Amino acid sequence: MADFIPGQRWISNTESELGLGLILEVSFKRVTVLFLASDERRMYASDNAPLTRVSFTAGDIIESIDEEKLTVTRLIEEGGLITYVCRNKSGQEVLLEEIELNHHIQFNKPQDRLFTGQIDPSPWFLLRYQTWLRLQQLQQSPVKGLLGGRTSLIPHQLYIAHESANRSAPRIMLADEVGLG
C-alpha cells in the first residue's frame, strides 16, 4: 500500500489521458485525486488504487505550470513531498515543488511508462509476449489466408489454393458445390 500525502503528484495507470493528478485528501481508506488537466476528480480505495507516483530523476527535463522547461539536477524529499532542484535555460538554479509541475504530462510511450514504474504484472507481459509469438507464427504460415474460416477444407481444395497462390498473377475462380462431398 502506498503512502498518499496531500500535494503529491500521481498518474493513473488506467487513464493516462487524465494527466498528472494531485492528491487532495486522504481519509480512512480512500484517496481523492484531482486531475487538473482534464478537470476530473477521482476517489480511489487507498489499498488498491491504480496510481503510480511521479518522481523525476537527475537529467530529466520537466515543465512547470508556467510552461518553462527545466533540467532536474537533484531531488529533495521532505515530509513525503518532492522539491526538484533544476536549472533553467539561462543556467540559474531553480527550486520547483512537485505541486508546480505541469498538469498535462502523459506517459504513453513504453520507455516513459518503464521509467516511471508503470509496469504490468509478469503474467500480463507473458500473455502479450506469447500473443506476439503466435502472431509471428501465423504470419509465416503458408496457409495464413485460410486460417480463421469456419470451413472443413478437403485436400483437393487445399491443392488448388496452393497452386493458384504460387502463380505470379493468379486469376482463378473457385466454386465448390455444397453437399457433394
Q) Of Asp60, Asp39, how do they rank once you tally other Cβ atoms within 10 Å and put the fewest first? A) Asp39, Asp60
Q.
Using C-alpha positions alone, give me the convex hull volume of region 1-94 per residue in cubic angstrom.
A. 101 Å³
Q. For the residues Val143, Val33, what sequence is obtained by ranking on other C-beta atoms within 10 Å, fewest first?
A. Val143, Val33
(Q) Below 8 Å between Cα atoms, with a sequence gap of 6+, how large is the relative contact order for region 9-119 in percent? (A) 23 percent
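Read-outs throughout are calculated quantities, based only on the coordinates presented, and are distinct from any laboratory measurement. In this text the structure is predicted, and so the values were computed from the model without any measurement. Please note: Cβ atoms are built from the backbone with ideal geometry, for glycine as well, and neighbour counts cover all protein chains shown.
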